[in-house]
Amino acid sequence: ERMEKVDTLVVDKTGTLTEGRPRVIAIMPVAGLSESEVLRVAATLEQPSEHPLAAAILAAADERKTPRADLSDFFYRTGKGVTGRVAGRPAALGNRTLFQELEIDLAPVDAAAESLEFSANTIVFVGLDGRAIGAVAIADPAKANARDAIAEMHRTGLKIVMLTGDAQRTAEYVSRSLGIDK
């Protein structure tokens, strides 16, 4: 009886509209390096981490049979990323803030990263020897039935609002691709 008055449904994004299991969708090395070199550094740095993004990077490395190197001096930087030494060389993996703090120029990977920021949930940058060597794009794919379910709810007259802690760009991309109102 009360449900007849409902005109708006608010849904969470992660795990409701999406699979809730982030995965690597692209690896962008700087000129002269290969995807596997960037992935090797990223996977080595992420080995001790329990973060869902780390799991995505480690899964990609396993799929591509990318070996890890020796890791030392691992340091987790809350909300920014991780640093350590990969095969004895200083390395970093994280967001723009981390790379600004480490004074590592992201210009060599910025154009490639920006082109993917619209479709990826997260771009993590990878650095080695004090320079950016690449970026990894990670996304949480939409559930196969999400678009149809939203279309069905629209047919009943409901307006759909999505809640997420993701970046604005990511939220807009997901809402557009699924036909969400707001």
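Quick notes
- Sequence-separation-based contact order of the chain, relative, with Cα cut under 8 Å and 6+ spacing, percent: 27 percent
- With the convex hull of its Cα atoms as the shape, region 54-182 has an orientation-averaged projected area of 9.2 nm².
- 0 to 90° range, to nearest 10: angle between helix 35-46 axis and the chain longest Cα axis: 80 degrees
- Within a straight-line Cα-Cα reach of under 15 Å, Lys159 can be paired with the following aspartates and glutamates, leaving aside sequence neighbours fewer than 8 residues apart in one chain: Glu4, Asp7, Asp12, Asp148, Asp181.
- In region 109-164, one over the average inverse separation of all distinct C-alpha pairs is 14.1 Å, which is the Kirkwood hydrodynamic radius.
- Residue by residue, region 6-13 carries 3J(HN,Hα) couplings of 5, 10, 9, 10, 9, 10, 6, 7 Hz when phi is fed to the Karplus relation 6.51 cos²θ - 1.76 cosθ + 1.60 (θ = phi - 60°); x denotes Gly or Pro.
- The charge dipole of the chain, taken about its Cα centre with unit charges on the Cβ atoms of Lys, Arg (+1), Asp and Glu (-1) only, comes to about 160 debye.
- At R0 = 41 Å, FRET efficiency that the Cβ-Cβ distance of Asp105 and Thr16 yields, to 0.05: 0.60
- Rounded percent of accessible protein surface that carbon and sulfur make up, the chain, 1.4 Å probe: 50 percent
- Rounded to the nearest 500, the 222 nm mean residue ellipticity of the chain from helices alone is -10000 deg cm²/dmol, with -39,500 (n - 2.57) taken per DSSP H run of at least 4 residues.
- Think of a 1.4 Å ball rolled over the protein heavy atoms: the chain then has 55 Å² of accessible area per residue.
- Against the empirical curve 2.2 N^0.38 Å, the C-alpha radius of gyration of region 13-85 lands at a ratio of 1.17.
- Here, region 40-82 yields an orientationally averaged convex hull projection of 2.8 nm² when only Cα atoms define the hull.
The values are calculated or read from the model by the stated rules, or taken from the named source; none is laboratory data. All values reported here derive from a predicted model rather than from experimental measurement. Cβ atoms come from the backbone with ideal geometry, glycine included; neighbour counts cover every protein chain shown. Note: areas computed on protein heavy atoms with side chains; ligands, DNA, RNA excluded. Shrake-Rupley method; radii C 1.70, N 1.55, O 1.52, S 1.80 Å.
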